[in-house]
Each structure stands twice: as structure tokens, then as C-alpha cells.
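K.L.:
If you scroll down you'll find the structure; I have some questions about it.
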Amino acid sequence: MNECPHCEYHKQRAQLWRDEAYRLAGHPLPEREPVLEEREACAKLIAKLTEMLEIQQKLHETAIDMLKPAIEAEREACAKIADEWAVGWPHPSQVIAEWIRKRGQA
């Protein structure tokens with residue numbers, strides 16, 4: 001679950017005030033273990049990276065879905081060119097290639 005950055009900020013701020021209040025009262029809180037803090041930071045980073053990868057995957061799938069009709073239309077256009085010009089020419093593959101190149105330049 002994604003945590004609100006404002007909530008995280010306020011949690012850290014409250015922890016700092018709590019620590020300072022205990023210190024001024026002569027009862028400082030025990031230090032947090034650096035390993036625990038590093039693990040928490042790593043877990044948050046991994047969660048954020050996982051979320052970003054999921055978003056990228058969805059964008060990739062969307063882009064592919066959007067391109068499919070254009071690719072299919074281009075294939076159909078190339079097939080029509082091949083059908084129209086391949087009949088009766090001595091070297092149909094050269095003619096087809098020439099027309100496809102011209103189509104890409106227009």
C-alpha cells in the first residue's frame with residue numbers, strides 16, 4: 001500500500017518532537033537500530049520501484065494495443081500494393097519494394 005508523503009512527513013516530525021521531549025525530561029528514547037531503519041528504507045524503495053514497474057508495464061501494453069490497428073492497416077496497404085502491381089511485371093518483388101518505399105516517403 002502506498003503511504004501518503006505528507007503522513008510520512010508528519011510521522012517523522014512527531015517522532016523527532018517525541019524524542020526531544022523525552023530527552024529534555026531526562027528519559028531519552030532508546031536509539032533505533034540502523035539496520036531496522038535501512039530495512040524499512042529498502043522495503044519502501046522496493047515497493048516504489050515495483051509500483052513504477054507495474055505502471056511502465058501497463059503503459060507498454062497500452063502502447064502496443066494502440067499500435068496494433070496502425071500496423072494492421074499498414075500491412076493491408078502493403079498487401080494491396082503487392083496485389084495491384086505484382087501481376088504482369090517481370091520482377092514483382094522489386095516493384096513491390098519500390099512502391100512500399102515510395103509509400104513511406106509520402
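Rule-based calculations on the coordinates, nothing more; no lab input. Computed from a prediction, not measured in an experiment: that's the story for all the values here. Heads up, the Cβs are rebuilt from the backbone with ideal geometry, glycines too, and the neighbour counts pull from every protein chain shown.
K.L.:
As a footprinting exposure proxy, order ILE81, ILE100, ILE64 by other Cβ within 10 Å, with the fewest listed first. Kindly include the intermediate steps, with their values, before the conclusion.
P.N.:
On the way: ILE81 18, ILE100 14, ILE64 10.
Taking fewest neighbouring Cβ atoms as first place, the list is ILE64, ILE100, ILE81.
K.L.:
Right, something else. Given a Förster distance of 22 angstrom, what is the FRET efficiency for TRP17 paired with GLU40, based on the Cβ-Cβ distance and rounded to 0.05? Could you put the intermediate results ahead of the total?
P.N.:
On the way: r = 20 Å, r/R0 = 0.90.
Using R0 = 22 Å, I get an efficiency of 0.65.
K.L.:
What list of ³J(HN,Hα) couplings, whole Hz, do you get for the range 61-75 from phi and the Karplus terms 6.51, -1.76, 1.60, once you set θ to phi - 60° and write x for glycine and proline?
P.N.:
Result, ordered by residue: 4, 5, 4, 4, 4, 6, 7, 3, x, 5, 5, 5, 5, 5, 4 Hz.
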